[in-house]
1. Arrange the following residues from fewest to most other Cβ atoms within 10 Å of their Cβ: B:TYR249, A:TYR33, A:TYR48.
2. Check each of the GluC sites (Glu not before Pro) in region B:297-399 and keep only those in coil by DSSP with at most 14 other C-beta atoms within 10 angstrom; list them in order.
3. Quick check on chain A: take the gyration tensor over C-alpha atoms, sort the square-rooted eigenvalues as a ≥ b ≥ c, and tell me if it's rounded (a/c under 1.5), prolate or oblate.
4. How high is the relative contact order of chain A? Use alpha-carbon pairs under 8 Å, at least six apart in sequence, and give a whole percent.
5. By the scheme Lys and Arg +1, Asp and Glu -1, what is the net charge of all other residues having a beta-carbon under 14 Å from that of B:ARG111?
6. What percent does the relative contact order of region B:212-343 come to when contacts are Cα pairs within less than 8 Å and at least six residues apart?
7. Taking the alpha-carbon distance from B:LYS487 and a cut-off under 16 Å, which aspartates and glutamates remain once sequence neighbours fewer than 8 residues away in the same chain are dropped?
8. Which GluC sites (Glu not before Pro) in region B:91-188 sit in a loop by DSSP (not H, G, I, E or B) and have at most 15 other Cβ atoms within 10 Å of their own Cβ?
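Please treat every number below as a calculation from the coordinates, not as lab data. Owing to the predicted nature of the structure, the values given are computational and were not obtained by experimental measurement. Ideal geometry is used to build each Cβ from the backbone, glycine not excepted, and the neighbour counts take in all protein chains shown.
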Amino acid sequence: MEEQAKVLAQNKSRKQLLSNRLVKNIRKHWVLYLMILPGIIYYIVFKYIPLLGSVIAFQDYQIFNGIAGSPWVGLDNFIHLLNYEDFHEVLRNTALIALYQLIFQFPAPIILALLFNEVRILILKKTVQSLFYLPHFLSWVVVGGIVFELLANQGIVNAIREMFGYAPILFMQEEAYFRTIVVISGIWKEVGWGTIIYLAAITAINPSLYEAAVIDGANRFKQTIYITLPLLLPTITVLFLLNIGNFLELGFDQIFNLLTPMTYSVGDIIETYVYRAGVLQGQYSLTTAIGLFQSVIGFALLWIFNRLARKSEQGLW
Amino acid sequence: MKKNYYVFMLAAFLMALLLISGCSSNEEASETPDESGETGNSEGSDEAAVVTVFKSHMGKGTKPDSSSEHLQYVKEKTGVEYELMTTPPGSDPAEYINLMIASEDFPDILRPIGGVEQTLINQGGALALDELLPKYAPNAWEKIPEEAWNIVRTASPDGKIYYIPKVYMIPERAALLRKDWLDAVGMEMPKTLEEYKEMLIAFRDQDPNGNGKQDELPTSGREFGRWMDHLFAMFGVAMWEGYPEWDIYNGEINYAGTSENMKAAIAFIRELYAEGLLDNETFLNKGDVWAAKVNNNLVGSWYHLPANLGEKITALREGNTEPYIVGLPLPEVEGFEGFITQKSMGEPEWIIPKASEENAINALKLLDFFYNPENEEFVTYGIEGMQHEVVDGEKVLLPSSDEKPLVLGMANFTTDETMKVRIENSFPEEEQQMITDIFEVSKADARRIAGDGMPSTVYEGYPDIQSHKLFQEYLTKIVIGEWPIEKFDEFVETWNQSGGEEVTKRVQEWYEKAK
């Protein structure tokens with residue numbers, strides 16, 4: 001008994017001590033706390049308060065009657081969703097494209113960063129790097145237009161095909177090419193930008209490791225495999241986890257600008273569907289339900305992969 | 001040293017705060033009437049009321065501000081200032097209007113798009129106009145025929161009038177043909193489907209644009225299978241810019257998209273596509289690409305608005321061709337009776353949100369100005385120097401341009417006579433006959449469809465049926481040859497199962513009521 005009381009008292013005083021320390025800490029570094037305030041307010045106002053609006057997923061939301069005046073329908077929207085044939089198609093497309101992006105698009109900047117790292121002529125390296133960054137600053141509307149033009153009847157791809165005697169193909173209206181085009185155009189646009197973090201991580205690697213490796217007779221390739229890559233792994237893991245949390249969020253802009261009705265069956269994803277049904281046709285409840293569903297999946301994936309990563313002590317939290 | 005650092009930080013923080021508050025607080029200003037009060041305008045003792053009008057799909061021109069002479073004149077006559085609210089360039093009007101409603105940022109009067117009027121009516125967001133209209137907009141009330149008002153009444157569950165309808169007594173659209181191409185290949189106007197196809201083949205092979213290259217696109221359309229209605233019209237399919245409409249099929253009002261006529265039309269279009277007679281990029285053509293093809297002397301037969309041909313003729317002239325465009329009388333197809341779809345009445349033109357009730361009287365006054373016969377002259381010609389100039393004692397309209405302010409109007413009431421005036425005003429003399437002739441051809445083929453004025457409530461709960469998504473997918477895939485024509489039967493079945501049957505039932509009930 002006495003022991004227990006002692007432990008309790010200890011705990012209590014510990015708590016007090018902690019809060020005391022927090023107050024002290026705030027007093028001491030009040031400027032820093034002040035500086036973080038806008039960020040906190042931002043998250044509360046733009047992330048947490050809108051989160052409350054998710055309740056309309058459980059309502060038959062009527063825009064003129066507001067959340068208070070709209071009837072509650074329980075899980076109807078979700079049941080409708082799961083029974084809705086189009087939704088299955090949309091979900092399958094989203095998952096498949098996400099998977100392809102993860103397999104092909106995610107490693108691309110890593111490889112490119114390793115290649116950049118091997119370029120010894122500084123001017124060349126900087127120039128090439130800048131050239132690779134550039135497409136990132138174009139909007140998808142522009143890139144979409146370029147892709148359509150390149151693959152048009154008179155476009156360069158078909159012109160080359162013609163030179164070799166093949167009939168032109170209208171790639172943008174063929175289901176078979178759609179996902180490939182999405183992945184390739186995505187890599188083209190974002191690969192350079194993606195290298196920035198990796199390059200920064202590479203610079204942080206201690207040069208003495210390379211020196212040691214050289215003494216041991218490792219060539220450039222071996223150095224990359226046995227030094228650079230392993231030391232990059234924590235960065236890769238963190239970026240991978242951040243990526244997996246957004247697994248089903250492919251980015252509306254890209255797909256929307258590449259999609260045509262002929263490729264709906266392979267390219268219509270959650271975001272484009274939500275845009276059509278929600279923003280254009282005003283079905284707010286159904287689309288909120290989809291959004292919620294998407295977030296829950298994202299969270300579950302993030303949690304699972306974080307658990308796995310923590311086993312090697314590299315998780316996000 | 002340390003103090004300086006704190007002061008700097010504080011300043012940075014204040015800046016951030018200012019930025020945040022500055023971005024969020026300029027909302028209210030627009031609702032209240034302008035109080036800055038320009039110096040002139042001494043006679044009206046009261047400040048003029050400001051009515052915000054939302055309208056999308058504006059033509060060429062800049063947004064006029066309140067000092068515009070044109071708006072000042074309207075203000076003088078009505079005591080109301082017309083303030084235009086429109087979509088930014090490149091944005092989707094349906095998206096814009098939904099966001100506007102969601103943020104409760106209502107204009108005083110708006111032109112609904114994409115079926116938004118039904119949301120307003122069903123959720124009590126629209127103002128009933130039965131009593132206000134005869135009182136404050138007597139001219140509009142009188143001018144719009146009773147038939148149109150009756151259609152408007154059927155669009156609401158309580159039988160009230162919630163919007164001012166558009167009235168278009170003549171067909172707006174026509175099947176267009178390059179007569180100079182037809183002459184170049186030495187052929188007569190096609191009378192049957194076979195002759196039409198032969199003409200297209202000649203367009204493809206005989207270089208009617210005379211540039212020595214085989215770059216002609218005998219006929220073309222736009223993405224989603226839109227704006228190629230002429231190819232459907234021949235088979236008696238009710239089509240509205242590529243959206244299948246509702247008309248009498250099998251003795252009852254039915255969706256044109258699932259009719260036998262449609263199947264035959266798609267089979268024909270598929271054939272044209274396979275032989276390169278229909279632009280193979282049709283389903284990838286965005287509006288501007290399509291227009292550029294027509295303007296660059298590449299397309300022989302297409303479907304569009306004859307009243308907007310001016311731009312195309314100018315563009316073709318700039319490319320050193322002298323185009324002669326005629327209406328294509330729909331070629332005969334065995335077993336089908338072709339027609340050009342005409343929707344004359346009941347399409348919503350203006351609706352007043354309940355939230356703007358206070359300003360409704362002013363909004364109606366403004367609206368009535370444009371329907372008032374006394375103002376006809378002003379509505380057509382506007383202000384001298386801005387919209388027209390006087391040549392030999394006659395008023396001549398000036399062409400619109402990107403630099404000049406838009407001419408704001410509100411009436412959408414077109415009859416034979418008003419179109420005649422419009423043609424006379426907007427086309428040079430030598431082209432007027434050409435445009436008039438096109439309308440004559442189109443009028444001869446046009447027919448008002450049974451579904452004219454049908455409210456979009458029938459689609460409630462079935463957005464995919466409303467957006468014609470399924471239809472577009474099957475149409476495009478069958479035409480490009482990815483699917484065989486037999487797939488059409490599967491489409492009919494799927495369409496019925498995914499809500500089409502229920503919607504059809506509602507349409508038939510509505511038709512009984514409205515007939």
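1. A:TYR48, A:TYR33, B:TYR249
2. Values: sites: B:GLU311, B:GLU318, B:GLU332, B:GLU334, B:GLU337, B:GLU349, B:GLU357, B:GLU358, B:GLU374, B:GLU376, B:GLU377, B:GLU384, B:GLU389, B:GLU394; in loops: B:GLU334, B:GLU337.
Sparse-neighbourhood loop GluC sites (Glu not before Pro): B:GLU334, B:GLU337.
3. oblate
4. That works out to 25 percent.
5. Neighbour charge sum, excluding B:ARG111 itself: -2.
6. On the way: 185 pairs, mean separation 48.4, N = 132.
The value is 37 percent.
7. B:GLU260, B:GLU271, B:GLU473
8. B:GLU104, B:GLU131, B:GLU188
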